[in-house]
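Participant: Below: one structure in structure tokens.
The values are calculated or read from the model by the stated rules, or taken from the named source; none is laboratory data. In this text the structure is predicted, and so the values were computed from the model without any measurement. Every residue, glycine as well, gets a Cβ built from its backbone with ideal geometry; the counts of neighbours run over all protein chains shown. For the accessible areas, the whole protein counts, side chains as well, though only heavy atoms, and no ligand, DNA or RNA atoms are used. Shrake-Rupley method; radii C 1.70, N 1.55, O 1.52, S 1.80 Å.
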Amino acid sequence: MTNSKFEIFARQNRDDMLHTAKRLLQTIDDAEDAVQDIFIKIIGRIPDFADQVQEKAWLTRVLVNHCRDQ
């Protein structure tokens, strides 16, 4: 995934990720840190999914696992 594709991907998913992380971690600061950590962790490792539903499910699972490990 190129940098521009990753930027688009991040922009499209950031708000939903923040919402999910805040529910799990309780504070916006912790949620923002978790989302940033995930984007750093997955850059260059995002599978090429055929549709956005699979992509969103994968991203959510990565985020939830990260938050639970906090």
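Participant: Projected onto the charge dipole of the chain (+1 at Lys/Arg Cβ, -1 at Asp/Glu Cβ, origin at the Cα centre), which of S4, C67, P47 gives the Cα projection farthest towards the positive end?
Facilitator: The listed residue farthest towards the positive side: P47.
Participant: Taking the Cα centre of the chain as origin and charging only Cβ (+1 Lys, Arg; -1 Asp, Glu), how large is the dipole, in debye to the nearest 20?
Facilitator: Roughly 160 debye for the chain.
Participant: May I pose another question? How much area per residue is accessible in the chain when the probe is 1.4 Å and only protein heavy atoms are counted (Å²)? Kindly include the intermediate steps, with their values, before the conclusion.
Facilitator: Numbers: 4960 Å² over 70 residues.
Accessible area per residue: 71 Å².
Participant: DSSP loop trypsin sites (Lys or Arg not before Pro) in the chain with at most 14 other Cβ atoms within 10 Å of their Cβ, which ones? If you can, show how the numbers build up before the last one.
Facilitator: Values: sites: K5, R11, R14, K22, R23, K41, R45, K56, R61, R68; in loops: R45.
Answer by residue number: R45.
Participant: Let me ask another. Hey, got a sec? Which chymotrypsin sites (Phe, Trp or Tyr not before Pro) in the range 22-70 land in a DSSP loop and have at most 16 other Cβ atoms within 10 Å? Spell out each step's value before the answer.
Facilitator: Details: sites: F39, F49, W58; in loops: F49.
Of the chymotrypsin sites (Phe, Trp or Tyr not before Pro), the ones in loops of the range 22-70 whose Cβ has at most 16 other Cβ atoms within 10 Å are F49.
Participant: Tell me, what % of the accessible area of the chain is carbon and sulfur with a 1.4 angstrom probe?
Facilitator: Values: 2330 of 4960 Å².
Roughly 47 percent, rounded to a whole number.
Participant: I've got another one for you. Reachable lysines from K5, Cα under 23 Å, same-chain residues fewer than 8 places away excluded?
Facilitator: Of all the lysines, those that pass the test against K5 - Cα under 23 Å, at least 8 places apart if same chain - are K41, K56.
Participant: What net charge is computed for the residues neighbouring E32, neighbours being all others with C-beta under 10 Å from the C-beta of E32, Lys and Arg scored +1, Asp and Glu -1?
Facilitator: On the way: positive: R14, K22; negative: D29, D30, D33, D37.
Spelling it out: positives minus negatives among the neighbours equals -2.
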